[in-house]
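Okay, structure first, notes after.
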Amino acid sequence: MAIIAYKCPDCEVTVVDINPERIDAWNSNELPVYEPGLDKIIKKTRGKNLFFARDIEKQIKENDIIFVSVNTPTKTFGTGAGMAADLQYWEKTARQILENSQSSKIVIEKSTLPVKTALAMEKILNLAKGKIRFDVLSNPEFLAEGTAIEDLENPDRVLIGSHETRSGLKARQELVDIYSRWVPSEKIITSNIWSAELSKLVANAFLAQRVSSINSISALCEKTDADISEVAKAVGMDSRVGSKFLQAGIGFGGSCFKKDILNLVYLCSYYGLKEVADYWESVVKINEYQQDRFMANILGSMFNTLAGKKICILGFAFKANTGDTRESPAIYITRKLLAEHAEIIISDPKALKNAAFDLVGVKGSVKYVEDPYSAAAGCHALAILTDWDLYRKLDFRKIYKSMVKPAFLFDGRNIIDHKKCFALGFNVYPIGKPALSHFQPENNS
Ligand code: UDX
């Protein structure tokens, strides 16, 4: 919404939320999320044509176009629990729009939703009396965290789905006109509403599938003399495959991938497509397997006991350049390490608050230390769990000196110079590459 306000100075954009503290935070100098470049855009637009307001009902009344971006978490109860999307917030919002509208509106699905959600929403909205009508569009968002501003300013594509009726097409054109202010027309694609809804789930499923594919091969590399970076490079240089999203690691996290794949799996099962459902579910299973493998590697390499050992977690966010920890592999790995009675020191430049929130109530010793050097001092092992650039630039000589020997380094993102760290004295365990250990092979089983 900030980018729309920035690119379209003649549009007035108002953001509302049921959480008043969040709205206050958006109106303050400390924004509630960390996203590179966002603060600058907000400063340029806030109070001019971008507003954050608490009065949801009034804003529904006064605006012509409503983007609905409420959360659609995985259902935790009833039919489809653990798989299907929980649509209660969406439905409540649709009812609220219906109750507070005194004029016709375009309602745009921005949240990622299961196919045919628009239909359910239309059924509610079409209860409207008199001359008021609602046109529902699907306009899924493809931005990634950490690069959101760039993704929004230069998107690969903007997708707008609508009914192919006269009023559906007219509503679609209104939204096309907004994006056309800054997105080249060949990148604005239109489709029917179901294709738009499904495309978002499938786009995320394909991306996650690439990560699981390369991670599955990393396991094979560790058993052979192959190196996953070399394999990824050779495979990715085929222009039909492409080089992006082939970085092996401890698995994908984030609020989207797992949720959207499980949603896709549920849809396939619902329509009786068991084989298709199983195929996509395996992407999530490999992701869990990768985290278990990483954990088993730590335990096995450190002589099968972690009790009382200090392990420094470098990075808790699910990826670099964000403070977001939702579904971060770090949560699972930290819990597993604590279950082995390891003492955990967590370091992250942006995610410590969220990390503490994720680990509320866990048993064991957890400390939060922002400075990576202080965090690592006195530890038996380092585990790099987020690909923050700052970890590439650390002075590992200084860190090595401050650690308990033998010092272990588990690079869950393959971002540091393994040979250099090995030469400094570390026992180094990358992903999908041979371990560099100072122990004799028989002691390293
Ligand atoms: C994703 C999609 O990219 C975006 O289009 C969609 O709108 C929302 O979901 P996001 O969750 O922000 O975006 O992060 P993304 O960059 O896709 O990374 C997801 C996870 O995969 C991260 O944990 C990342 O570390 C991991 N990843 C990504 C890898 O392990 N290897 C890779 O090569 C790429």
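Among the listed residues SER195, SER191, identify the single one that is assigned to a strand (DSSP E or B) and either more than 11 Å from the ligand (Cβ to nearest atom) or assigned by TED's automatic domain parsing to the domain that holds GLY412 (or both).
The conditions single out SER191.
Scan region 227-240 for residues that are more than 15 Å from the ligand (Cβ to nearest atom) and touching a residue at least 24 places away in the same chain (Cβ under 8 Å) and jot them down.
Correct list: ASP227 only.
Going residue by residue through region 269-285, is there one that turns out to be under 20 Å from MET83 (Cα atoms), within 16 Å of the ligand (Cβ to nearest atom) and surrounded by fewer than 16 Cβ atoms within 10 Å (Cβ to Cβ)?
Among the residues of region 269-285, at least one is under 20 Å from MET83 (Cα atoms), within 16 Å of the ligand (Cβ to nearest atom) and surrounded by fewer than 16 Cβ atoms within 10 Å (Cβ to Cβ), which makes the answer yes.
Please work out which residue is farthest from LEU113 (Cα to Cα), limiting yourself to region 148-195 and to residues that are touching an Asp or Glu at 6+ places or on another chain (Cβ under 8 Å) and touching a residue at least 60 places away in the same chain (Cβ under 8 Å).
TRP182
Looking at TYR368, TYR400, which one is of a type in the set (Ser, Thr, Tyr), in contact (Cβ under 8 Å) with a residue 24 or more places away in the chain and surrounded by 14 or more Cβ atoms within 10 Å (Cβ to Cβ)?
One residue alone meets the criteria, TYR400.
What tally of residues in region 338-360 results from selecting those that are away from the ligand (no atom under 14 Å from the Cβ), under 21 Å from ASP371 (Cβ atoms), hydrophobic (A, V, I, L, M, F, W, C) and surrounded by 19 or more Cβ atoms within 10 Å (Cβ to Cβ)?
Residues in region 338-360 being away from the ligand (no atom under 14 Å from the Cβ), under 21 Å from ASP371 (Cβ atoms), hydrophobic (A, V, I, L, M, F, W, C) and surrounded by 19 or more Cβ atoms within 10 Å (Cβ to Cβ): 6 in total.
I'd like the residue in region 200-221 that is of a type in the set (Ser, Thr, Tyr) and within 11 Å of the ligand (Cβ to nearest atom) and, out of all such residues, is nearest to the chain's Cα centre (by Cα).
Going through the qualifying residues, I end up with SER212.
Among the strands (runs of 3 or more DSSP E) confined wholly to region 359-411, which include 1 or more residues that are charged (D, E, K, R)?
Per the criteria, 366-368, 408-411.
Quick check on this structure: which one of TYR332, TYR391 is without any contact (Cβ under 8 Å) to a residue 60 or more places away in the chain, within 16 Å of the ligand (Cβ to nearest atom) and of a type in the set (Phe, Trp, Tyr)?
When all the criteria are applied, what remains is TYR332.
Do you know which residues across region 11-57 are farther than 24 Å from ASP324 by Cα and free of Cβ contacts under 8 Å to residues at least 12 places away in the same chain?
GLY47
Identify the single condition in (1) among the basic types (Lys, Arg); (2) more than 28 Å from SER104 (Cα to Cα); (3) more than 21 Å from the chain's Cα centre (by Cα); (4) assigned to a helix (DSSP H, G or I) that ARG172 does not satisfy, given that it satisfies every other one.
Failing condition for ARG172: (2).
What's the number of the condition ARG54 fails, among (1) touching a helix residue (DSSP H, G or I) at 6+ places or on another chain (Cβ under 7 Å); (2) closer than 30 Å to LYS170 by Cα; (3) at pLDDT 95 or above?
With (1) touching a helix residue (DSSP H, G or I) at 6+ places or on another chain (Cβ under 7 Å); (2) closer than 30 Å to LYS170 by Cα; (3) at pLDDT 95 or above applied to ARG54, the lone miss is (2).
Residue check, VAL202 against (1) over 19 Å from MET83 (Cα atoms); (2) in a helix (DSSP H, G or I); (3) β-branched (Val, Ile, Thr), all met but one. Which one?
(1)
Filter region 1-36 down to the residues that are crowded, with 17+ Cβ neighbours inside 10 Å and among the acidic types (Asp, Glu) and list them by number.
Answer for region 1-36, where residues must be crowded, with 17+ Cβ neighbours inside 10 Å and among the acidic types (Asp, Glu): ASP17, GLU35.
Give me the pairs, please: first residue somewhere in region 204-225 and touching a residue at least 12 places away in the same chain (Cβ under 8 Å), second residue anywhere and assigned to a helix (DSSP H, G or I) and among the small types (Gly, Ala, Ser), beta-carbon distance under 8 Å, and either six or more positions apart or on two chains.
As it stands, the answer is SER212/SER282; ILE214/ALA232, since those pairs meet every condition given.
So which residues in region 176-188 are part of a helix (DSSP H, G or I) and touching a helix residue (DSSP H, G or I) at 6+ places or on another chain (Cβ under 9 Å), if there are any at all?
Of everything in region 176-188, those that are part of a helix (DSSP H, G or I) and touching a helix residue (DSSP H, G or I) at 6+ places or on another chain (Cβ under 9 Å) turn out to be VAL176, ILE178, TYR179, SER185, LYS187.
Residues in region 142-163 that are crowded, with 19+ Cβ neighbours inside 10 Å and of a type in the set (Asp, Glu): how many?
1
The values are calculated or read from the model by the stated rules, or taken from the named source; none is laboratory data. Predicted model only: the values in this text are computed from it and were never measured. For neighbour counting, all protein chains shown are included, and Cβ atoms are generated from backbone atoms with ideal geometry for every residue, glycine included.
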